[in-house]
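Shown next, in C-alpha coordinates, is the structure this report addresses.
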Amino acid sequence: MPKKIPEQELDAIAAIVTANPKGVQAGAIRAGLDFDITAKTLQRRLKLLVEQGRITVKGSGKGTVYFPAVTPQPHKKKPTAETYVPISPEAEAIRKVIRKPVQIRKPVGYNREFLDSYRPNETCYLSSQIRERLFKAGCAQSDSRPAGTYARQIFNRLLIDLSWNSSRLEGNTYSLLETERLLELGESAEGKDALETQMILNHKAAIELLVNEAEEIGFNRYTILNLHALLSENLLADPQACGRLRSIAVGVDGTVYHPLEVPQLIEACFTQVLEKAAAIDDPFEQSFFALVHLPCLQPFEDVNKRVSRLAANIPLIRGNLCPLSFVDVPGRAYIDGILGVYELNRIELLRDVFVWAYERSCERYSAVRQSLGEPDPFRLHYRNLLAETIAAVVRDGKDKKAAVQWIREIADGKVTEENRARFIEVAETELMSLHEGNIARYRLRPGEFHAWRATWG
(Lines give C-alpha, C1' and ligand atoms only; values in the text may rest on other atoms or scores of the structure.)
Protein backbone atom coordinates (compact mmCIF):
# COMPACT_ATOMS: atom_id res chain seq x y z
CA MET A 1 0.00 0.00 0.00
CA PRO A 2 1.47 3.40 -0.96
CA LYS A 3 2.31 5.24 2.22
CA LYS A 4 1.06 8.77 2.77
CA ILE A 5 3.96 11.22 2.61
CA PRO A 6 4.59 12.64 6.09
CA GLU A 7 4.03 16.40 6.05
CA GLN A 8 7.02 16.79 8.37
CA GLU A 9 9.33 15.45 5.63
CA LEU A 10 8.06 17.96 3.11
CA ASP A 11 8.37 20.78 5.65
CA ALA A 12 11.98 19.82 6.42
CA ILE A 13 12.97 19.69 2.73
CA ALA A 14 11.22 22.99 1.98
CA ALA A 15 12.92 24.60 5.00
CA ILE A 16 16.38 23.75 3.66
CA VAL A 17 15.55 25.15 0.24
CA THR A 18 14.07 28.31 1.79
CA ALA A 19 17.28 28.81 3.80
CA ASN A 20 19.27 28.89 0.53
CA PRO A 21 17.87 31.78 -1.54
CA LYS A 22 20.73 31.46 -4.07
CA GLY A 23 19.73 27.89 -4.78
CA VAL A 24 20.72 24.44 -3.55
CA GLN A 25 21.18 21.05 -5.21
CA ALA A 26 19.58 17.78 -4.20
CA GLY A 27 22.78 16.34 -2.74
CA ALA A 28 23.17 19.26 -0.34
CA ILE A 29 19.49 19.04 0.64
CA ARG A 30 19.83 15.35 1.43
CA ALA A 31 22.97 15.98 3.51
CA GLY A 32 21.16 18.64 5.53
CA LEU A 33 18.19 16.47 6.48
CA ASP A 34 17.90 15.03 9.97
CA PHE A 35 16.53 11.72 8.71
CA ASP A 36 17.57 9.09 6.15
CA ILE A 37 16.04 9.26 2.69
CA THR A 38 17.07 7.68 -0.61
CA ALA A 39 18.04 9.87 -3.55
CA LYS A 40 15.06 8.66 -5.57
CA THR A 41 12.62 9.33 -2.73
CA LEU A 42 14.06 12.83 -2.28
CA GLN A 43 13.58 13.50 -6.00
CA ARG A 44 9.89 12.55 -5.67
CA ARG A 45 9.49 14.82 -2.64
CA LEU A 46 11.17 17.72 -4.48
CA LYS A 47 8.96 17.19 -7.51
CA LEU A 48 5.86 17.30 -5.29
CA LEU A 49 7.02 20.52 -3.60
CA VAL A 50 7.55 22.10 -7.03
CA GLU A 51 4.04 21.03 -8.10
CA GLN A 52 2.62 22.54 -4.89
CA GLY A 53 4.39 25.82 -5.58
CA ARG A 54 6.43 25.67 -2.39
CA ILE A 55 9.78 25.71 -4.23
CA THR A 56 10.99 26.35 -7.79
CA VAL A 57 13.53 24.53 -9.91
CA LYS A 58 15.99 25.49 -12.67
CA GLY A 59 18.24 23.40 -14.86
CA SER A 60 18.26 19.65 -15.48
CA GLY A 61 20.33 16.60 -14.72
CA LYS A 62 23.40 17.30 -12.57
CA GLY A 63 22.78 21.02 -13.00
CA THR A 64 19.36 20.99 -11.33
CA VAL A 65 19.08 23.67 -8.64
CA TYR A 66 16.16 24.32 -6.29
CA PHE A 67 15.09 27.79 -5.10
CA PRO A 68 12.60 29.18 -2.59
CA ALA A 69 9.17 29.98 -4.00
CA VAL A 70 8.75 33.65 -4.94
CA THR A 71 4.96 33.54 -4.97
CA PRO A 72 2.44 32.94 -2.13
CA GLN A 73 1.82 29.29 -1.26
CA PRO A 74 -1.87 28.72 -2.05
CA HIS A 75 -1.74 25.11 -0.87
CA LYS A 76 -1.61 26.16 2.78
CA LYS A 77 -4.86 26.12 4.68
CA LYS A 78 -5.80 28.31 7.58
CA PRO A 79 -5.13 26.56 10.90
CA THR A 80 -8.78 26.93 11.85
CA ALA A 81 -9.79 24.76 8.90
CA GLU A 82 -8.11 21.68 10.38
CA THR A 83 -10.40 18.97 11.71
CA TYR A 84 -9.37 18.18 15.27
CA VAL A 85 -10.79 17.22 18.64
CA PRO A 86 -11.24 19.52 21.66
CA ILE A 87 -8.00 19.55 23.66
CA SER A 88 -6.73 20.98 26.93
CA PRO A 89 -4.06 23.70 27.23
CA GLU A 90 -1.52 21.02 28.22
CA ALA A 91 -2.36 19.06 25.06
CA GLU A 92 -2.12 22.21 22.94
CA ALA A 93 1.40 22.81 24.27
CA ILE A 94 2.38 19.29 23.16
CA ARG A 95 0.87 19.82 19.73
CA LYS A 96 2.90 23.00 19.21
CA VAL A 97 6.14 21.20 20.00
CA ILE A 98 5.62 18.17 17.80
CA ARG A 99 4.33 20.34 14.93
CA LYS A 100 7.73 22.03 14.62
CA PRO A 101 9.83 20.93 11.60
CA VAL A 102 11.65 17.67 12.15
CA GLN A 103 15.09 19.23 11.68
CA ILE A 104 14.70 21.45 14.75
CA ARG A 105 13.24 18.78 17.04
CA LYS A 106 15.77 17.01 19.25
CA PRO A 107 16.26 13.31 18.47
CA VAL A 108 15.32 11.06 21.39
CA GLY A 109 15.53 7.36 22.18
CA TYR A 110 13.32 5.04 24.19
CA ASN A 111 13.13 6.27 27.79
CA ARG A 112 12.76 3.23 30.00
CA GLU A 113 12.12 5.43 33.04
CA PHE A 114 8.81 6.41 31.42
CA LEU A 115 7.68 2.79 31.77
CA ASP A 116 9.50 2.05 35.04
CA SER A 117 7.90 5.01 36.81
CA TYR A 118 4.37 3.79 36.16
CA ARG A 119 2.89 2.08 39.22
CA PRO A 120 -0.35 0.16 38.49
CA ASN A 121 -3.29 1.48 40.55
CA GLU A 122 -1.09 4.27 41.95
CA THR A 123 -0.08 6.15 38.82
CA CYS A 124 -3.13 7.37 36.91
CA TYR A 125 -2.97 8.66 33.35
CA LEU A 126 -6.74 9.18 33.55
CA SER A 127 -8.13 11.10 36.51
CA SER A 128 -10.86 9.55 38.66
CA GLN A 129 -13.31 12.09 37.22
CA ILE A 130 -12.51 11.03 33.66
CA ARG A 131 -12.75 7.33 34.51
CA GLU A 132 -16.11 7.79 36.19
CA ARG A 133 -17.37 9.76 33.20
CA LEU A 134 -16.25 7.10 30.75
CA PHE A 135 -17.79 4.32 32.84
CA LYS A 136 -21.17 6.07 32.87
CA ALA A 137 -20.97 6.52 29.10
CA GLY A 138 -19.83 2.99 28.32
CA CYS A 139 -21.64 0.85 30.89
CA ALA A 140 -24.38 -1.10 29.13
CA GLN A 141 -25.77 -3.30 31.88
CA SER A 142 -25.50 -3.67 35.63
CA ASP A 143 -25.83 -7.46 35.49
CA SER A 144 -22.95 -9.93 35.24
CA ARG A 145 -23.41 -11.47 31.82
CA PRO A 146 -20.64 -13.46 30.06
CA ALA A 147 -17.60 -11.51 28.90
CA GLY A 148 -18.06 -10.17 25.39
CA THR A 149 -21.87 -10.01 25.51
CA TYR A 150 -21.98 -6.31 24.60
CA ALA A 151 -19.50 -6.71 21.73
CA ARG A 152 -21.38 -9.71 20.35
CA GLN A 153 -24.63 -7.79 20.33
CA ILE A 154 -23.19 -5.09 18.07
CA PHE A 155 -20.62 -7.38 16.44
CA ASN A 156 -21.45 -6.73 12.78
CA ARG A 157 -21.34 -2.96 13.23
CA LEU A 158 -18.22 -3.09 15.41
CA LEU A 159 -16.42 -5.33 12.93
CA ILE A 160 -16.91 -2.85 10.10
CA ASP A 161 -16.31 0.30 12.16
CA LEU A 162 -13.15 -0.81 13.92
CA SER A 163 -11.66 -2.47 10.82
CA TRP A 164 -12.25 0.63 8.75
CA ASN A 165 -11.24 3.28 11.27
CA SER A 166 -8.09 1.51 12.42
CA SER A 167 -7.08 0.94 8.78
CA ARG A 168 -7.96 4.55 7.91
CA LEU A 169 -5.58 5.78 10.60
CA GLU A 170 -2.84 3.88 8.75
CA GLY A 171 -3.60 5.68 5.47
CA ASN A 172 -5.85 2.98 3.98
CA THR A 173 -8.03 4.48 1.23
CA TYR A 174 -10.97 2.05 1.37
CA SER A 175 -14.25 3.84 2.03
CA LEU A 176 -16.62 2.72 4.76
CA LEU A 177 -19.03 1.23 2.23
CA GLU A 178 -16.20 -0.54 0.39
CA THR A 179 -15.07 -1.98 3.71
CA GLU A 180 -18.59 -3.19 4.44
CA ARG A 181 -18.82 -4.97 1.08
CA LEU A 182 -15.42 -6.57 1.59
CA LEU A 183 -16.23 -7.88 5.05
CA GLU A 184 -19.81 -8.96 4.38
CA LEU A 185 -19.60 -10.15 0.77
CA GLY A 186 -15.88 -10.74 0.25
CA GLU A 187 -15.78 -8.24 -2.63
CA SER A 188 -12.54 -6.27 -3.00
CA ALA A 189 -12.89 -2.66 -4.14
CA GLU A 190 -11.76 -1.90 -7.68
CA GLY A 191 -8.54 0.03 -8.04
CA LYS A 192 -7.37 -0.62 -4.49
CA ASP A 193 -3.96 -1.97 -3.61
CA ALA A 194 -3.99 -5.63 -2.52
CA LEU A 195 -2.21 -4.65 0.68
CA GLU A 196 -5.12 -2.36 1.61
CA THR A 197 -7.53 -5.24 1.18
CA GLN A 198 -5.29 -7.50 3.24
CA MET A 199 -5.06 -4.91 6.02
CA ILE A 200 -8.83 -4.78 6.44
CA LEU A 201 -9.26 -8.56 6.30
CA ASN A 202 -6.55 -8.88 8.94
CA HIS A 203 -8.48 -6.53 11.21
CA LYS A 204 -11.53 -8.72 10.77
CA ALA A 205 -9.64 -11.80 11.92
CA ALA A 206 -8.14 -9.99 14.91
CA ILE A 207 -11.47 -8.53 16.05
CA GLU A 208 -13.08 -11.96 15.80
CA LEU A 209 -10.36 -13.29 18.09
CA LEU A 210 -11.09 -10.61 20.69
CA VAL A 211 -14.85 -11.16 20.64
CA ASN A 212 -14.96 -14.95 20.26
CA GLU A 213 -12.31 -15.46 22.94
CA ALA A 214 -13.55 -12.70 25.25
CA GLU A 215 -13.30 -14.88 28.34
CA GLU A 216 -9.73 -15.94 27.56
CA ILE A 217 -8.01 -12.81 26.23
CA GLY A 218 -5.93 -10.51 28.40
CA PHE A 219 -2.65 -8.65 28.59
CA ASN A 220 -0.53 -11.75 28.12
CA ARG A 221 1.85 -13.01 25.46
CA TYR A 222 -0.74 -15.29 23.85
CA THR A 223 -3.20 -12.47 23.19
CA ILE A 224 -0.80 -9.73 22.08
CA LEU A 225 1.44 -11.94 19.95
CA ASN A 226 -1.55 -13.51 18.22
CA LEU A 227 -3.12 -10.11 17.66
CA HIS A 228 0.06 -9.10 15.87
CA ALA A 229 0.17 -12.33 13.88
CA LEU A 230 -3.38 -11.80 12.65
CA LEU A 231 -2.97 -8.08 11.94
CA SER A 232 0.33 -8.50 10.11
CA GLU A 233 -0.48 -11.60 8.05
CA ASN A 234 0.87 -11.25 4.50
CA LEU A 235 1.99 -7.66 5.17
CA LEU A 236 5.57 -8.08 6.41
CA ALA A 237 8.66 -8.64 4.27
CA ASP A 238 9.63 -11.47 6.61
CA PRO A 239 6.61 -13.74 7.18
CA GLN A 240 8.31 -15.26 10.23
CA ALA A 241 8.17 -11.87 11.95
CA CYS A 242 4.39 -12.20 12.35
CA GLY A 243 3.62 -12.74 16.01
CA ARG A 244 7.27 -12.44 17.08
CA LEU A 245 9.12 -9.69 18.89
CA ARG A 246 11.56 -7.93 16.62
CA SER A 247 15.29 -8.60 16.57
CA ILE A 248 16.19 -5.78 14.19
CA ALA A 249 16.31 -1.99 14.44
CA VAL A 250 13.34 -0.06 13.05
CA GLY A 251 12.68 3.58 12.24
CA VAL A 252 9.45 5.52 12.58
CA ASP A 253 8.43 7.88 9.77
CA GLY A 254 7.84 11.53 10.55
CA THR A 255 9.46 11.62 13.98
CA VAL A 256 12.84 12.11 15.68
CA TYR A 257 12.10 9.15 17.94
CA HIS A 258 14.41 6.10 17.82
CA PRO A 259 13.02 2.90 19.41
CA LEU A 260 15.09 0.33 21.28
CA GLU A 261 17.40 -1.83 19.16
CA VAL A 262 18.69 -4.53 21.57
CA PRO A 263 16.44 -7.65 21.38
CA GLN A 264 17.00 -8.52 25.04
CA LEU A 265 15.83 -5.07 26.15
CA ILE A 266 12.81 -5.25 23.84
CA GLU A 267 11.88 -8.61 25.36
CA ALA A 268 12.31 -7.30 28.92
CA CYS A 269 10.29 -4.15 28.32
CA PHE A 270 7.55 -6.06 26.49
CA THR A 271 7.18 -8.37 29.48
CA GLN A 272 7.12 -5.35 31.77
CA VAL A 273 4.41 -3.63 29.71
CA LEU A 274 2.22 -6.73 29.85
CA GLU A 275 2.74 -7.23 33.58
CA LYS A 276 1.91 -3.62 34.40
CA ALA A 277 -1.11 -3.60 32.09
CA ALA A 278 -2.47 -6.83 33.57
CA ALA A 279 -2.13 -5.42 37.08
CA ILE A 280 -4.27 -2.33 36.41
CA ASP A 281 -7.75 -2.63 37.91
CA ASP A 282 -9.62 0.11 36.07
CA PRO A 283 -10.58 -0.96 32.50
CA PHE A 284 -10.22 2.54 31.04
CA GLU A 285 -6.81 3.17 32.60
CA GLN A 286 -5.80 -0.29 31.36
CA SER A 287 -7.06 0.48 27.87
CA PHE A 288 -5.25 3.80 27.67
CA PHE A 289 -2.03 2.34 29.13
CA ALA A 290 -1.92 -0.13 26.22
CA LEU A 291 -2.57 2.67 23.73
CA VAL A 292 0.40 4.58 25.16
CA HIS A 293 3.06 1.98 25.85
CA LEU A 294 2.71 -0.66 23.12
CA PRO A 295 3.43 1.69 20.20
CA CYS A 296 6.05 3.57 22.23
CA LEU A 297 8.02 0.35 22.73
CA GLN A 298 7.59 -0.73 19.07
CA PRO A 299 7.98 -4.42 20.03
CA PHE A 300 7.28 -5.63 16.49
CA GLU A 301 8.86 -4.87 13.14
CA ASP A 302 5.66 -3.11 12.02
CA VAL A 303 1.91 -2.95 12.80
CA ASN A 304 2.53 -1.76 16.37
CA LYS A 305 -0.13 0.98 16.46
CA ARG A 306 -2.73 -1.39 15.05
CA VAL A 307 -1.95 -3.89 17.79
CA SER A 308 -2.29 -1.17 20.43
CA ARG A 309 -5.67 0.02 19.09
CA LEU A 310 -7.14 -3.47 19.25
CA ALA A 311 -5.42 -4.28 22.55
CA ALA A 312 -7.04 -1.16 24.01
CA ASN A 313 -10.35 -2.96 23.52
CA ILE A 314 -9.39 -6.01 25.60
CA PRO A 315 -10.59 -4.67 28.99
CA LEU A 316 -13.64 -3.06 27.38
CA ILE A 317 -14.80 -6.25 25.67
CA ARG A 318 -14.07 -8.39 28.73
CA GLY A 319 -15.95 -5.96 30.98
CA ASN A 320 -19.00 -5.67 28.71
CA LEU A 321 -18.29 -1.99 28.21
CA CYS A 322 -18.80 -0.12 24.98
CA PRO A 323 -15.84 -0.91 22.69
CA LEU A 324 -13.56 1.74 21.21
CA SER A 325 -13.73 1.88 17.41
CA PHE A 326 -12.01 5.27 16.79
CA VAL A 327 -15.04 6.44 14.82
CA ASP A 328 -14.59 9.98 13.42
CA VAL A 329 -11.14 10.39 15.02
CA PRO A 330 -9.06 12.78 12.86
CA GLY A 331 -5.90 11.05 11.71
CA ARG A 332 -3.70 14.05 12.44
CA ALA A 333 -4.99 14.37 16.01
CA TYR A 334 -4.22 10.69 16.69
CA ILE A 335 -0.73 10.91 15.18
CA ASP A 336 0.02 14.11 17.10
CA GLY A 337 -0.94 12.35 20.31
CA ILE A 338 1.29 9.38 19.49
CA LEU A 339 4.23 11.68 18.65
CA GLY A 340 3.76 13.46 21.97
CA VAL A 341 4.30 10.10 23.68
CA TYR A 342 7.24 9.11 21.46
CA GLU A 343 9.21 12.33 21.65
CA LEU A 344 8.14 13.93 24.94
CA ASN A 345 6.75 11.05 27.02
CA ARG A 346 3.70 13.26 27.49
CA ILE A 347 0.27 11.65 27.42
CA GLU A 348 -2.09 14.64 27.67
CA LEU A 349 -2.76 15.06 23.94
CA LEU A 350 -3.31 11.34 23.32
CA ARG A 351 -5.45 11.27 26.48
CA ASP A 352 -7.74 13.98 25.09
CA VAL A 353 -8.04 12.07 21.80
CA PHE A 354 -8.79 8.84 23.67
CA VAL A 355 -11.51 10.39 25.84
CA TRP A 356 -13.18 12.11 22.90
CA ALA A 357 -12.96 8.94 20.78
CA TYR A 358 -14.45 6.75 23.49
CA GLU A 359 -17.40 9.04 24.15
CA ARG A 360 -17.99 9.22 20.40
CA SER A 361 -18.00 5.41 20.20
CA CYS A 362 -20.46 5.25 23.10
CA GLU A 363 -22.87 7.59 21.30
CA ARG A 364 -22.67 5.45 18.17
CA TYR A 365 -23.22 2.07 19.80
CA SER A 366 -25.91 3.29 22.13
CA ALA A 367 -27.93 4.13 19.03
CA VAL A 368 -27.02 0.78 17.42
CA ARG A 369 -28.13 -1.18 20.49
CA GLN A 370 -31.44 0.67 20.63
CA SER A 371 -32.13 -0.29 17.03
CA LEU A 372 -31.24 -3.92 17.74
CA GLY A 373 -33.14 -4.30 20.99
CA GLU A 374 -32.01 -6.51 23.85
CA PRO A 375 -30.22 -9.80 23.04
CA ASP A 376 -32.12 -13.06 23.27
CA PRO A 377 -31.35 -14.55 26.74
CA PHE A 378 -31.85 -18.09 25.40
CA ARG A 379 -29.23 -17.64 22.67
CA LEU A 380 -26.85 -16.07 25.16
CA HIS A 381 -27.22 -18.99 27.56
CA TYR A 382 -26.66 -21.66 24.90
CA ARG A 383 -24.23 -19.64 22.75
CA ASN A 384 -21.24 -21.97 23.17
CA LEU A 385 -23.23 -25.20 22.79
CA LEU A 386 -24.96 -23.90 19.66
CA ALA A 387 -21.61 -22.93 18.15
CA GLU A 388 -20.07 -26.33 18.95
CA THR A 389 -23.10 -28.17 17.53
CA ILE A 390 -23.12 -26.26 14.26
CA ALA A 391 -19.35 -26.47 13.85
CA ALA A 392 -19.50 -30.26 14.30
CA VAL A 393 -22.18 -30.57 11.59
CA VAL A 394 -19.98 -28.70 9.14
CA ARG A 395 -16.62 -30.25 10.00
CA ASP A 396 -18.06 -33.78 9.92
CA GLY A 397 -19.72 -33.09 6.57
CA LYS A 398 -23.16 -34.14 7.80
CA ASP A 399 -26.06 -34.02 5.36
CA LYS A 400 -29.51 -32.81 6.41
CA LYS A 401 -30.67 -36.15 7.77
CA ALA A 402 -27.52 -36.70 9.82
CA ALA A 403 -27.59 -33.10 11.05
CA VAL A 404 -31.14 -33.42 12.37
CA GLN A 405 -30.20 -36.57 14.28
CA TRP A 406 -27.03 -34.97 15.66
CA ILE A 407 -28.84 -31.86 16.90
CA ARG A 408 -31.46 -34.01 18.67
CA GLU A 409 -28.77 -36.08 20.36
CA ILE A 410 -27.04 -32.94 21.64
CA ALA A 411 -30.35 -31.50 22.86
CA ASP A 412 -31.30 -34.71 24.66
CA GLY A 413 -27.92 -34.96 26.37
CA LYS A 414 -27.07 -31.36 27.24
CA VAL A 415 -30.23 -29.22 27.20
CA THR A 416 -32.94 -29.12 29.86
CA GLU A 417 -36.20 -30.73 28.82
CA GLU A 418 -38.17 -27.48 28.70
CA ASN A 419 -35.58 -25.91 26.37
CA ARG A 420 -34.91 -28.80 23.98
CA ALA A 421 -37.48 -27.90 21.34
CA ARG A 422 -36.27 -24.30 21.25
CA PHE A 423 -32.62 -25.40 21.05
CA ILE A 424 -33.38 -27.67 18.08
CA GLU A 425 -35.28 -24.89 16.33
CA VAL A 426 -32.51 -22.34 16.83
CA ALA A 427 -29.75 -24.74 15.77
CA GLU A 428 -31.57 -25.74 12.58
CA THR A 429 -32.31 -22.10 11.77
CA GLU A 430 -28.64 -21.20 12.24
CA LEU A 431 -27.61 -24.01 9.90
CA MET A 432 -30.06 -22.84 7.23
CA SER A 433 -28.69 -19.28 7.58
CA LEU A 434 -25.04 -20.27 7.43
CA HIS A 435 -23.03 -18.56 4.69
CA GLU A 436 -19.43 -17.57 4.01
CA GLY A 437 -19.90 -14.19 5.63
CA ASN A 438 -20.85 -15.51 9.08
CA ILE A 439 -18.88 -18.76 9.48
CA ALA A 440 -16.21 -17.08 11.62
CA ARG A 441 -18.56 -16.97 14.60
CA TYR A 442 -18.38 -20.79 14.59
CA ARG A 443 -14.61 -20.78 14.02
CA LEU A 444 -15.02 -22.44 10.65
CA ARG A 445 -12.72 -22.00 7.68
CA PRO A 446 -13.93 -21.33 4.11
CA GLY A 447 -12.59 -24.70 2.95
CA GLU A 448 -14.57 -26.54 5.62
CA PHE A 449 -17.71 -24.60 4.76
CA HIS A 450 -17.51 -25.24 1.00
CA ALA A 451 -16.78 -28.94 1.49
CA TRP A 452 -19.84 -29.22 3.74
CA ARG A 453 -22.09 -27.33 1.30
CA ALA A 454 -21.32 -29.96 -1.35
CA THR A 455 -22.77 -32.67 0.89
CA TRP A 456 -25.58 -30.54 2.39
CA GLY A 457 -27.47 -30.21 -0.86
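The values are calculated or read from the model by the stated rules, or taken from the named source; none is laboratory data. Keep in mind the model is a prediction, meaning the values are calculated, not measured. Cβ placement follows ideal geometry from the backbone for every residue including glycine, while neighbour counts extend to all protein chains displayed.
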All positions within the range 74-102 that are exposed (fewer than 11 other Cβ atoms within 10 Å of the Cβ) and either part of a helix (DSSP H, G or I) or at pLDDT 90 or above (or both): 79, 80, 81, 86, 89, 96
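From the list 235, 183, 245, exactly one residue is in a helix (DSSP H, G or I) and out of contact with any strand residue (DSSP E or B) (no Cβ under 9 Å at 6 or more places or on another chain). Which is it? Please lay out each step first, then the result.
Numbers: 235 fails: in a helix (DSSP H, G or I); 245 fails: in a helix (DSSP H, G or I).
From the options 235, 183, 245, the qualifying one is 183.
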Single condition residue 251 does not satisfy, out of (1) in a helix (DSSP H, G or I); (2) within 28 Å of residue 286 (Cα to Cα): (1)
Any hit, the range 250-272, residues being under 16 Å from the mean Cα position of the chain (by Cα) and more than 23 Å from residue 322 (Cβ to Cβ): no
Long-range neighbours under 6 Å by Cβ, at least six apart or interchain, first residue not assigned by TED's automatic domain parsing to the domain that holds residue 181 within the range 430-447, second surrounded by fewer than 19 Cβ atoms within 10 Å (Cβ to Cβ) and of a type in the set (D, E, K, R): 437/184; 440/208
Residue count, the range 282-322 (criterion: within 23 Å of residue 135 (Cα to Cα), assigned to a loop (DSSP other than H, G, I, E, B) and modelled with pLDDT of 95 or more): 3
The range 333-358: number of residues that are of a type in the set (D, E, K, R) and either touching a Pro at 6+ places or on another chain (Cβ under 8 Å) or at pLDDT below 95 (or both): 1
Residue in the range 209-220 that is modelled with pLDDT of 95 or more, out of contact with any Leu (no Cβ under 6 Å at 6 or more places or on another chain) and among the aromatic types (Phe, Trp, Tyr) present: no
Where residue 335 falls short, out of the listed (1) among the β-branched types (Val, Ile, Thr); (2) touching a residue at least 60 places away in the same chain (Cβ under 8 Å); (3) surrounded by fewer than 14 Cβ atoms within 10 Å (Cβ to Cβ): (3)
Which listed residue is β-branched (Val, Ile, Thr), in a helix (DSSP H, G or I) and closer than 29 Å to residue 176 by Cα, from 394, 426, 355: 355
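Does residue 163 qualify as being modelled with pLDDT of 95 or more, of a type in the set (Ser, Thr, Tyr) and under 20 Å from residue 314 (Cβ atoms)?
Numbers: modelled with pLDDT of 95 or more: yes; of a type in the set (Ser, Thr, Tyr): yes; under 20 Å from residue 314 (Cβ atoms): yes.
Judged against the criteria, residue 163 is a match.
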Tally, over the range 437-457, of residues that are modelled with pLDDT under 80 and either small (Gly, Ala, Ser) or farther than 23 Å from residue 149 by Cα (or both): 4
Residue among 180, 213, 196 that alone is over 27 Å from residue 386 (Cα atoms) and either assigned by TED's automatic domain parsing to the domain that holds residue 146 or more than 15 Å from the chain's Cα centre (by Cα) (or both): 196
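Examine the range 133-140 for a residue that is at pLDDT below 90, crowded, with 16+ Cβ neighbours inside 10 Å and either at positive phi or not aliphatic (A, V, I, L, M) (or both), and state whether such a residue exists.
Quick first cut of the range 133-140, residues at pLDDT below 90 only: 139-140.
Going one step further and asking which of them are crowded, with 16+ Cβ neighbours inside 10 Å, we end up with 140.
Filter once more, keeping what is either at positive phi or not aliphatic (A, V, I, L, M) (or both): none.
No, the conditions are met nowhere in the range 133-140.
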Every pair of residues 6+ apart whose Cβ atoms lie under 7 Å, when the first sits in the range 246-266 and is over 13 Å from residue 34 (Cα atoms) while the second is part of a loop (DSSP other than H, G, I, E, B) and among the aromatic types (Phe, Trp, Tyr): 246/300; 259/110; 260/110
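Is it the case that the range 204-212 has a residue that's surrounded by fewer than 17 Cβ atoms within 10 Å (Cβ to Cβ), under 18 Å from residue 438 (Cα atoms) and not acidic (Asp, Glu)? Before you say what the answer is, go through the steps one by one.
From the range 204-212, those surrounded by fewer than 17 Cβ atoms within 10 Å (Cβ to Cβ) are 205, 208; that's our starting set.
Next, only the ones that are under 18 Å from residue 438 (Cα atoms) stay: 205, 208.
Going one step further and asking which of them are not acidic (Asp, Glu), we end up with 205.
So far as the range 204-212 goes, yes, one or more of its residues are surrounded by fewer than 17 Cβ atoms within 10 Å (Cβ to Cβ), under 18 Å from residue 438 (Cα atoms) and not acidic (Asp, Glu).
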Which listed residue, of 361, 366, 325, is under 13 Å from residue 154 (Cβ atoms) and surrounded by fewer than 17 Cβ atoms within 10 Å (Cβ to Cβ): 366
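Could you go through the range 291-301 and let me know if any residue there is in contact with a strand residue (DSSP E or B) (Cβ under 8 Å, 6 or more places away or on another chain) and hydrophobic (A, V, I, L, M, F, W, C). Give the derivation first.
Residues of the range 291-301 in contact with a strand residue (DSSP E or B) (Cβ under 8 Å, 6 or more places away or on another chain): none.
Among the residues of the range 291-301, not one is in contact with a strand residue (DSSP E or B) (Cβ under 8 Å, 6 or more places away or on another chain) and hydrophobic (A, V, I, L, M, F, W, C), which makes the answer no.
Output the residues belonging to the range 217-244 that are surrounded by 14 or more Cβ atoms within 10 Å (Cβ to Cβ) and free of Cβ contacts under 8 Å to residues at least 24 places away in the same chain.
Initially, the range 217-244 is screened for residues surrounded by 14 or more Cβ atoms within 10 Å (Cβ to Cβ), giving 217-220, 223-233, 235-236, 241-244.
Those that are surrounded by 14 or more Cβ atoms within 10 Å (Cβ to Cβ) and free of Cβ contacts under 8 Å to residues at least 24 places away in the same chain: 225, 226, 229, 242, 243.
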